[in-house]
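What follows is calculated from the coordinates using simple rules that are stated; it is not laboratory data. What you see is a predicted model; the values in this text were computed from it and never measured. Note that we place each Cβ from the backbone using ideal geometry, even for glycine, and neighbour counts take in every protein chain shown.
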Amino acid sequence: MFEKLNKFCFITDNSFMQAAIFEKKFDVKSRWNFCRKFIFFIVMLFFMKSGLFAQIYKEKAVASFYADDFHGKKTSNGEIFNMNDFTCANKFLPFDTYLKVTNLANNLNVIVRVNDRGPFVEDRELDLSKAAAVKLDMIKSGMAVVKIEILKLGADTALSRQTAQSACQIMERKTGKKFQIPSFEQFKSEKTTNAKNMEKVEKSESEKTQKKYPSGTFWDIQVGSFSNKENARTAAKKLKSKGFSNIVLRTKGEITRVVIKNIPANEINIMEEKLQKDGYSDYLVKKSSQK
């Protein structure tokens with residue numbers, strides 16, 4: 001009986017030992033897998049931030065942003081739009097494409113994910129969430145000239161193609177022009193072929209801007225002048241509703257002028273573009289008398 005009991009104890013102890021060794025091996029393996037995945041994630045995050053794997057999609061494009069009016073509503077891919085997330089709308093890029101967007105005026109950048117269609121304006125490439133716009137410091141101007149790089153191209157899904165086709169039809173109805181959706185292969189292979197010429201153009205434009213609006217200076221844009229002060233107030237409210245800020249009324253004699261004041265030199269071109277797109281062509285730019 002004692003022999004049998006000793007034998008049983010030996011088998012039991014041996015089984016526990018084997019189980020402990022197996023558990024230790026499994027634990028070490030799990031930890032290694034976790035560490036490997038964590039290191040991979042950190043490395044990928046570094047490359048995404050640095051843009052070493054980025055493919056240039058647009059060297060120079062206009063981005064705007066959308067926020068409160070759309071917050072909580074459905075996006076084109078079925079998600080609920082949250083203006084505090086880092087997302088964006090684009091007419092044709094596949095959903096879940098990750099983009100690095102750089103504001104060319106201040107070199108600030110942000111990484112966003114495509115989850116919606118738009119903006120439905122011909123010369124505008126992206127509608128960014130409010131959080132992304134804050135990161136690019138473009139809330140005040142409402143728009144920014146940006147560089148767009150593809151960090152990770154989303155999958156070529158039926159929903160992406162279908163919604164891109166709908167965006168194409170909307171643009172054709174609005175502009176009367178024919179639009180063509182780039183193929184998925186075009187997105188994968190699209191690169192900038194004229195980088196040197198682009199650099200020359202940008203340098204020339206930059207030099208002209210610097211000469212016209214020297215760095216560190218501030219400017220006022222007079223949008224309209226009115227003999228009736230009530231009409232001036234209405235015009236100011238309309239400007240505010242379109243996203244413009246820092247609007248003042250200046251009255252001299254019987255004339256009241258509607259002015260967007262104290263615009264930094266590096267934001268003048270963007271402000272002019274926005275005014276023109278919103279239908280304001282008869283405006284006057286003057287050097288601001290105060291900072």
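Taking θ as phi - 60° and the Karplus parameters 6.51, -1.76 and 1.60, the scalar couplings of region 63-76 work out to 10, 10, 9, 10, 8, 3, 5, 10, 4, x, 8, 6, 8, 5 Hz in sequence order, x denoting glycine and proline. Oblate is the label for region 217-291, because a/c, from the alpha-carbon gyration tensor with a ≥ b ≥ c as root eigenvalues, is 1.5 or above and a/b does not exceed b/c.
Computed over the alpha-carbon atoms, region 146-185 gives an Rg to Rh ratio of 1.04, Rh here being the Kirkwood radius from the mean inverse distance. Per-residue Karplus couplings for region 228-239, computed as 6.51 cos²θ - 1.76 cosθ + 1.60 with θ equal to phi - 60°, are listed in order as 9, 5, 5, 5, 5, 5, 4, 5, 5, 5, 5, 4 Hz, Gly and Pro entered as x.
Taken along its three principal axes, the alpha carbon spread of region 48-122 comes to 34, 24, 23 Å, from the longest extent down to the shortest. Gyration tensor over the Cα atoms of region 74-157: the corresponding equivalent ellipsoid has semi-axes (square roots of 5 times the eigenvalues, largest first) of 19, 14, 12 Å.
May I ask which of Lys212/Lys261; Lys60/Lys274; Lys140/Lys287; Lys252/Lys274; Lys100/Lys286; Lys74/Lys174 have a Cα-Cα span longer than 25 Å here? Before the final figure, lay out each step's value.
Details: Lys212/Lys261 18 Å; Lys60/Lys274 16 Å; Lys140/Lys287 19 Å; Lys252/Lys274 27 Å; Lys100/Lys286 35 Å; Lys74/Lys174 22 Å.
Check vs 25 Å cut-off fails for Lys252/Lys274; Lys100/Lys286.
If R0 is 35 Å, the Cβ-Cβ spacing of Arg173 and Asn228 corresponds to a FRET efficiency of close to 0.40. Spin-label pair Ser245-Asn106: with each label point 7 Å from Cα along the Cα-Cβ axis, the two points sit 1.1 nm from one another.
Between Ile263 and Trp219, Asp220, the built amide H atoms are under 5 Å apart, and every one of these is 5 or more places off in sequence or on another chain. Phi angles of region 272-284 translate, via the Karplus equation with coefficients 6.51, -1.76, 1.60 and θ = phi - 60°, into HN-Hα couplings of 5, 4, 5, 4, 4, 5, 8, x, 9, 10, 9, 10, 10 Hz per residue; Gly and Pro are given as x.
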